[in-house]
Amino acid sequence: MSSDALSPSLDVRVNDFSIQIATVNGSGSQTANNVLMRSIFQMGVPVSGKNLFPSNIAGLPTWFTIRASAQGYTARRATNEMLILMNPETAKEDVQKADGGCLVIYDEPLKLEGLRNDLVYCPVPFQKIVTACCPEPKLHKLVKNMIYVGVTCFLLNIEPEEAKKAIAKQLKGKAKAIEINVAAIEAGFLWAKENIKNPSPLKVVRDNKTLGKIIVDGNEASAIGCMFAGVTVLAWYPITPASSLSESLIDYLEEYRKTPDGKSTYAVVQMEDELASAGAVLGAGWAGARSMTTTSGPGISLMSEFIGLGYFSEIPGVFFNVARTGPSTGLPTRTMQGDIDICAKCSHGDTLHINLYPGNMQECFEFAYQSFDLAERFQTPIFVVSDLDLGMQNWMSDPFSYPDKPYDRGKVLNQQQLSEIKEFARYRDVDNDGIPYRSLPGTPGGKGAYFTRGSGHNDRALYSEKPEDYVALVDRLKRKYYSAKSFVPKPILRGNGSDSGIIAFGSSDPAVIEAQDELGRMGRKVDYMRLRALPFTSEVDEFIKSKKMIYVVEQNRDGQMAGLFKEAYPADAAKFISILHYNGLALDAQSIVNEIVSKS
Amino acid sequence: MSNAPTASSVPPSNKLGLTKQDYVGSKSTLCAGCGHDSITAQLINAAWEMNIDATRVAKLSGIGCSSKTPAYFFNQAWGFNAVHGRMPSVATGASMANRNLINIGVSGDGDSMSIGLGQLCHMIRRNVPIVYIIEDNGVYGLTKGQFSATADKGSVLKYGSINSLEPIDPVTLAIELGCGFVARSFSGNPKQMNAILKAAFAYEGTSIIDIVSPCVTFNNHDSSTKSYKNIKDHEMPLHELGFVAFNELENVEIPAGESKTVSFPDGSKVTFRNIHENYDPTDAVAATKLIKESLSKNELLTGLLYIRPGSPDFNKVLNLVDEPLATLDLQALKPSPQVLSEIMESLT
């Protein structure tokens, strides 16, 4: 079929479809894809975008998926209704893998028609259009992408003005670039209008469901949270997919955390490696800073010796793990919830860590804010475990609320308080909550001085190898960890009354919500609890006790979270059934539904 | 060697009204005669003489015999015995958090030249304000005598292994990395150590002080190039001092600008080429040349070898506010609700 004969027999889908765009990495397509996504958003239709990119600067294939959903579902869908194929290397395979009935827009010279007869083809002469609309040949490769935005706007009934607005936002302040790209959108739109006669079955109809919403990625959301949390030391080392958290934070700090005379109320240092990042976080936390780092799995492995020191000698610090597909280099640009185990018990010996699992943009912001309070309250390394899907993809969100709560700087004795007590014992459990009092280096008077060490110590911080001192110390650390139960975020419950349940966490949330709804429509009512932190709180206990069967949905091979549940709830171990997803792609609802149906 | 000052009826006070006793720490648990204790003693002397406020001191160390010593001085200071070789990053963090701290790092040749070489290099590159002492004996003491990266080529271990690799020299490395205060001393030379440490306390930025401090327990056997006997039999390189028994060391005074053979009570001999106390070699190339030439003549060049004052330390480079970051309050750290509204607006 040719472009002037789109099949009218396709299912009409309004504000409910997925588009996949195949391009070459480094060709500037990301801007075009974001403009398209934002245009749909500005039309008032809930939208989500997934960039499936290679570990490469330029030349390898990349795919971007945009999902519009009137119902507000934002998870990746396994099926697409429309393909835009710009990459000659993958075009044939993309066609072969396409879902039946898919509308395929492609660069005309690729000549894809005839590969399959159950698809609808729409060849577009991109080179011809770009030559006509863009006078600068060296920009053609980049500008071509904006032409498919114009073509798509026509096909989907997206008002071109919205695309132009989106460009202006995306390329803020770059007048020349805006002008060239707007011309390309108009050229694409005009070409489609003149050459595509039949209406497309996919439509965007203006709605009001995105009113007041923002679009942000999780790394930026967390960066904003850290800035408001008063982070004072950021020690980091670049690693995908965590780098953009630090980079975004640096931008925000420069903008909003300087004094009027231009001095910094923060220190940022790009360390020589992740070991050094962890060391600087601990050094700074020990000396009283709100300190943090950002990393991913391989970085956590490198930091694990220091994290044990931080745990054992009780030093606050915030460790963001924006997880990717491991082990080793793994798939560095793909997502995974594969570091559950390592973050729960990072380091040698007996260690237990407070973990936060943000599940959406607001939580990326709020948990970042809260993590500093928890680190200082419990004097220990805190993990904020995000992943590539949350951290680097664009998500629609309600705007963030200002965190009114003042900072909790924890149990720190100042000079005055130190002078009033009889004896300062750094590791004594004065309040019977496992949390001792600390003093900051440099506090005048000298009464608070103590020696921090990773070796065995008694409650006065003196070196000790006595069995009773060691046992008292590690038992208190365990008590301290469990006393965090009443401080960490409680789980979110969705649905009640069923004797079977789903437990999931983090980036799985959108797919699980959609799966839960779908299972409901199929007559399989199932409750859902979204876990948000370690240690498990009493609400988690209750949920587990109340169910006969619990599907633990997680994005790794070994069911790491299910393992933590079985360990924590041995009497309920038989209830836990793992639903696993670990191919590097973001989780989709249909796979969850299929697996639950097959396992029940 | 004891940290306690010599007994007298009224111990003298410094300008802070403190006696040397106020600068001591816990009792040393190192081997009797260990050179590290002599360094500790000089740290106490230098700090007392320099009127250092010990409550502002952060004592930082890694792992090893040397790294234990911060427990043996300045009871009123905060100490941090970190992980093996990674103290420089801890110091970097602590320094950024509180720019008023006076940082003293104590490390060893294993800690700084092997496992921690990378961190040391980057700390120097950043010019983190710290007096960084490498207590250098060429062996791992705490794990019972394995070679370190400063061991001399050809030296022999207690159980027969011969070191076939060239040593890494901390001082030429530090100069190469742009360090603005590079010194080498010897734990048997208290006067010189004292002068160097006082100068280091006065210096802003990273000062690297390599102090050769022989291991009396693991490098004193007959087959070691560092044993007393071997030195006696051969004219050994001056930087191979680990063999010397230290129990009876005498104070060594070395005239400036000339070479001198120094005899120890046990008869071992070393030659020092010392530099004038006012010597101010700001030419890194010339300093490196002198050190290397000296080494090739089996001399151990000690003193303040290279100095280049005036480079801004890391906290200045970061343009930090005057108040320590650690004590900034909510007012200073938390932007207003208007800022959040502005950011949210930009994301709509």
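The values are calculated or read from the model by the stated rules, or taken from the named source; none is laboratory data. Since this is a predicted model, take the numbers as computed values, not measurements. No Cβ is skipped: glycine too gets one built from the backbone with ideal geometry, and neighbour counts run over all protein chains shown. Areas reflect the complete protein model, heavy atoms only, side chains present, ligands, DNA and RNA absent. Shrake-Rupley method; radii C 1.70, N 1.55, O 1.52, S 1.80 Å.
Just one of the numbered conditions (1) open to solvent by less than 10 Å² (accessible area, probe 1.4 Å); (2) touching a residue at least 60 places away in the same chain (Cβ under 8 Å); (3) under 22 Å from B:Val90 (Cα atoms) is not true of A:Tyr311: (1).
Across segment B:311-331, a minimum of one residue is classified as touching a Gly at 6+ places or on another chain (Cβ under 8 Å), among the aliphatic types (A, V, I, L, M), at the interface with chain A (Cβ under 9 Å from one of its Cβ atoms) and open to solvent by 60 Å² or more (accessible area, probe 1.4 Å).
Filtering segment A:71-102 to residues that are more than 28 Å from the chain's Cα centre (by Cα) and in a helix (DSSP H, G or I) leaves A:Pro88, A:Glu89, A:Ala91, A:Lys92, A:Glu93, A:Val95, A:Gln96.
If we scan segment A:527-535, do we find a residue that is over 20 Å from the mean Cα position of the chain (by Cα) and within 25 Å of A:Pro381 (Cα to Cα)? Yes; the residues of segment A:527-535 include at least one that is over 20 Å from the mean Cα position of the chain (by Cα) and within 25 Å of A:Pro381 (Cα to Cα). Taking each residue of segment A:578-600 that is on the phi > 0 side of the Ramachandran plot and looking for partners that are in a loop (DSSP other than H, G, I, E, B) with beta-carbon atoms closer than 8 Å, six or more apart or interchain, yields A:Gly584/A:Arg334; A:Gly584/A:Thr335; A:Gly584/A:Met336.
A Cβ distance below 8 Å, combined with a sequence gap of six or more or placement on separate chains, defines the contacts here; from segment B:31-44, residues that are in contact (Cβ under 8 Å) with a residue 24 or more places away in the chain reach residues that are part of a helix (DSSP H, G or I) and hydrophobic (A, V, I, L, M, F, W, C) in the pairs B:Cys34/B:Cys65; B:His36/B:Cys65; B:Ser38/B:Met193; B:Ile39/B:Met193; B:Gln42/B:Met193; B:Gln42/B:Leu197; B:Leu43/B:Leu197. When you scan segment B:29-48, do you find a residue that is within 14 Å of another protein chain (Cβ to nearest Cβ), modelled with pLDDT of 95 or more and surrounded by fewer than 22 Cβ atoms within 10 Å (Cβ to Cβ), even just one? No, segment B:29-48 has no match at all. Restricting attention to segment A:274-288, the residues being open to solvent by 10 Å² or more (accessible area, probe 1.4 Å) and at the interface with chain B (Cβ under 7 Å from one of its Cβ atoms) number 1.
The strands (runs of 3 or more DSSP E) falling completely within segment A:490-568 that include 2 or more residues that are open to solvent by less than 10 Å² (accessible area, probe 1.4 Å) map to A:500-505, A:527-531, A:549-554.
Kindly indicate whether any position in segment B:142-159 is aliphatic (A, V, I, L, M), closer than 27 Å to B:Thr55 by Cα and within 14 Å of chain A (Cβ to nearest Cβ). So far as segment B:142-159 goes, no, none of its residues is aliphatic (A, V, I, L, M), closer than 27 Å to B:Thr55 by Cα and within 14 Å of chain A (Cβ to nearest Cβ). B:Val106: within 26 Å of B:Ala94 (Cα to Cα) and over 13 Å from the mean Cα position of the chain (by Cα), yes or no? No; evaluated as a whole, the condition is false for this residue. Taken over segment B:49-79, the criterion of being touching a Ser or Thr at 6+ places or on another chain (Cβ under 8 Å) and within 12 Å of B:Lys20 (Cα to Cα) is satisfied by B:Phe73, B:Asn75.
Here is a list: A:Ala91, A:Ala98, A:Ala70, A:Ala75. Which entry is in contact (Cβ under 8 Å) with a residue 40 or more places away in the chain and under 17 Å from A:Ala22 (Cβ atoms)?
A:Ala91
So for segment B:67-78 (the condition being buried (at least 24 other Cβ atoms within 10 Å of the Cβ) and away from chain A (no Cβ under 14 Å)), does at least one residue qualify? No; the residues of segment B:67-78 include none that is buried (at least 24 other Cβ atoms within 10 Å of the Cβ) and away from chain A (no Cβ under 14 Å).
Mind listing whichever residues of segment B:84-100 are over 17 Å from the mean Cα position of the chain (by Cα), open to solvent by 10 Å² or more (accessible area, probe 1.4 Å) and at the interface with another protein chain (Cβ under 8 Å from one of its Cβ atoms)?
Correct list: B:Asn98, B:Asn100.
Count of segment A:426-475 residues, restricted to those that are of a type in the set (D, E, K, R), open to solvent by less than 40 Å² (accessible area, probe 1.4 Å) and within 14 Å of chain B (Cβ to nearest Cβ), is 3.
Just need a number here: residues in segment A:395-425 that are more than 10 Å from chain B (Cβ to nearest Cβ) and on the phi < 0 side of the Ramachandran plot.
Residues meeting the conditions: 16.
Is it the case that segment A:185-203 has a residue that's basic (Lys, Arg), closer than 22 Å to A:Asn394 by Cβ, surrounded by fewer than 19 Cβ atoms within 10 Å (Cβ to Cβ) and more than 14 Å from chain B (Cβ to nearest Cβ)? There is no residue in segment A:185-203 that is basic (Lys, Arg), closer than 22 Å to A:Asn394 by Cβ, surrounded by fewer than 19 Cβ atoms within 10 Å (Cβ to Cβ) and more than 14 Å from chain B (Cβ to nearest Cβ).
Say whether the condition of being open to solvent by 30 Å² or more (accessible area, probe 1.4 Å) and hydroxyl-bearing (Ser, Thr, Tyr) is met by at least one residue in segment A:261-271. No, there is no match, as no residue in segment A:261-271 is open to solvent by 30 Å² or more (accessible area, probe 1.4 Å) and hydroxyl-bearing (Ser, Thr, Tyr).
Filter segment B:119-129 for residues that are within 11 Å of another protein chain (Cβ to nearest Cβ) and within 16 Å of the chain's Cα centre (by Cα); which is most open to solvent (accessible area, probe 1.4 Å)?
Filtering first and then ranking leaves B:Cys121.
The sole residue among B:Asn103, B:Asn51, B:Asn81 that is closer than 18 Å to B:Ala199 by Cβ and either within 10 Å of chain A (Cβ to nearest Cβ) or among the charged types (D, E, K, R) (or both) is B:Asn103. Being more than 11 Å from chain A (Cβ to nearest Cβ) and either more than 24 Å from B:Val321 (Cβ to Cβ) or buried (at least 24 other Cβ atoms within 10 Å of the Cβ) (or both) is the requirement here; does B:Gly116 meet it? It is false that B:Gly116 is more than 11 Å from chain A (Cβ to nearest Cβ) and either more than 24 Å from B:Val321 (Cβ to Cβ) or buried (at least 24 other Cβ atoms within 10 Å of the Cβ) (or both). Of all the listed residues (A:Ser39, A:Ser27), the sole one being of a type in the set (S, T, N, Q), surrounded by fewer than 21 Cβ atoms within 10 Å (Cβ to Cβ) and not in a strand (DSSP E or B) is A:Ser27.
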